[in-house]
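To start, the structure itself, in structure tokens.
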Amino acid sequence: MAQEIIPPPPGIVIDKSDDPQHVFLGSPGIVILPNDNYVASHDYFGGGTGSDSTAIFISNDRGVSWEREAGLRGQYWSTLFIHNRQLYILGDSKEYGNIVIRRSDDDGRTWTIPLMKIMDY
């Protein structure tokens, strides 16, 4: 029996799983920075991932090519956004974890470490 040939997806592929049977990519996000660079993110989920990590990618050619610039442990189900010309990421620390926010002062290459505050309700 001949094996079916699956065409590549349309557009530019930013990242793919090295283990697509067990490690999945989710929660995609993208922003355009004030300097016209693009920053994209996604998290990892599935068996053995810990469901607590996000990858950050940067494009300086309007999305034609992408480089993985950062990995954030303790960042999950997250959204990138710009506020007052600053780049932020907001999400959970892990699946069903605490809400965390981080800021990047260098276009997504490095990120602040969120402070944990335990709320007593």
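The values are calculated or read from the model by the stated rules, or taken from the named source; none is laboratory data. Just so we're clear, the structure is a prediction, and the values are computed from it rather than from any experiment. All Cβ positions, glycine included, derive from the backbone under ideal geometry; neighbour counts span all protein chains shown.
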Single condition S27 does not satisfy, out of (1) in contact with a Phe, Trp or Tyr (Cβ under 7 Å, 6 or more places away or on another chain); (2) surrounded by fewer than 17 Cβ atoms within 10 Å (Cβ to Cβ); (3) polar (S, T, N, Q): (2)
Leading residue by the ranking (farthest from L80 (Cα to Cα)) among those in the stretch 18-45 that are polar (S, T, N, Q) and in contact (Cβ under 8 Å) with a residue 40 or more places away in the chain: N35
Residue tally, condition surrounded by 15 or more Cβ atoms within 10 Å (Cβ to Cβ) and either of a type outside the set (A, V, I, L, M, F, W, C) or at pLDDT below 95 (or both), over the stretch 71-99: 10
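Taking the stretch 87-107 as the search range and keeping residues that are among the charged types (D, E, K, R) and part of a loop (DSSP other than H, G, I, E, B), which one is nearest to N37 (Cα to Cα)?
So in the stretch 87-107, the residues among the charged types (D, E, K, R) come out as 92, 94-95, 102-103, 105-107.
Still in the list and also part of a loop (DSSP other than H, G, I, E, B): 94-95, 105-107.
Working: K94: 28, E95: 30, D105: 14, D106: 11, D107: 8 Å.
Taking the candidates together, the pick is D107.
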Residue tally, condition part of a strand (DSSP E or B) and not basic (K, R), over the stretch 60-83: 13
